[in-house]
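Take a look at the structure set out below.
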Amino acid sequence: MKDVLIPVGLLLFIVLFGYAIVHSGRKQRTAKKKVFEEFARKQGFSYLSEDDGQVQEFAQDFDGIGRFWSPSLGKVIPKDVVSGAENSLGVLIFRHSIRYSEGWAREWFVAGLTATDHIADRCSVQFCRRRSDKRTMHLQDDIVKEQTFGSFSIVVRAESASHAGKLLDDNCLQQLASLAEKLSFRPEIQVRGKRVIAYLAARNATVDDVNTIGDLLEFAKKTVSL
């Protein structure tokens, strides 16, 4: 009898454990969805549960975030898309999950803006508090500047210094560092011409409420204005 009960009990445990994981994942996705929906409603923006193509067109050349295909998952579509316009800026806020390899995946929470004027050809700005923060799997360009402002070591990456434009300016970087100090999360920025994205830099960081999305969008707007 014991020989039967042990494998049955083990199978039951595996089934219940799997159900708990699936249920927890669904609960988390529902909670995130509600946050994005609420933010869109408060701002008077539009909301889509799944991207209709606008995010993929906007983000296709950004490092890491512009990946919409996985060898194991196939096509991967951004979720919870909030879109609108504010002070002549095109706004796109979304979350997107990617998988580099088995066992290495991450979820992005992104605020994107399209400005009226060219900002920089191609660059990224990292706000690092530890040496490990500088290490990256997704940013492709080399470091063209690294300097400490406040509690951050600011790292600017670009194909060349000329591609980073005014984002190499000390005054600009110092102001960005001051703004980042006030956030509850560590941000990261990428720029492509007139397009800017700001997102939560830490791999395990998440959006829990509308204030986080609002702070992320405001940070992106300040980046454009600087």
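Of all the criteria given as (1) surrounded by fewer than 17 Cβ atoms within 10 Å (Cβ to Cβ); (2) farther than 18 Å from Phe58 by Cα; (3) of a type outside the set (Ser, Thr, Tyr), the one not satisfied by Asp117 is (2). Considering each residue of the stretch 202-210 in turn, none proves to be touching a residue at least 24 places away in the same chain (Cβ under 8 Å), buried (at least 18 other Cβ atoms within 10 Å of the Cβ) and in contact with a Pro (Cβ under 9 Å, 6 or more places away or on another chain).
Filtering the stretch 173-191 to residues that are in contact (Cβ under 8 Å) with a residue 40 or more places away in the chain, surrounded by fewer than 21 Cβ atoms within 10 Å (Cβ to Cβ) and of a type outside the set (A, V, I, L, M, F, W, C) leaves Gln175, Arg186. Scoring Gly165 on the criteria (1) in contact with a Cys (Cβ under 8 Å, 6 or more places away or on another chain); (2) closer than 13 Å to Ile189 by Cα; (3) not hydrophobic (A, V, I, L, M, F, W, C) leaves a single failure, condition (2).
Scanning the stretch 45-88 for residues that are β-branched (Val, Ile, Thr) and in a helix (DSSP H, G or I) yields one hit, Val55. Checking each residue in the stretch 103-121 for being more than 24 Å from Ser83 (Cβ to Cβ) and either over 14 Å from the mean Cα position of the chain (by Cα) or not aliphatic (A, V, I, L, M) (or both) picks out Gly103, Trp104, Asp121. Looking across the stretch 211-223 at every residue that is at pLDDT 95 or above and under 18 Å from Cys128 (Cα atoms), the one that is surrounded by the most Cβ atoms within 10 Å (Cβ to Cβ) is identified as Ala220. Would the stretch 144-159 turn up any residue that is over 25 Å from Lys33 (Cα atoms), of a type outside the set (S, T, N, Q) and in a helix (DSSP H, G or I)? The answer is no; no qualifying residue exists.
The values are calculated or read from the model by the stated rules, or taken from the named source; none is laboratory data. As the structure is a computational prediction, the values presented were derived from the model and not from experiment. Backbone-built Cβ (ideal geometry, glycine too); neighbour counts: all protein chains shown.
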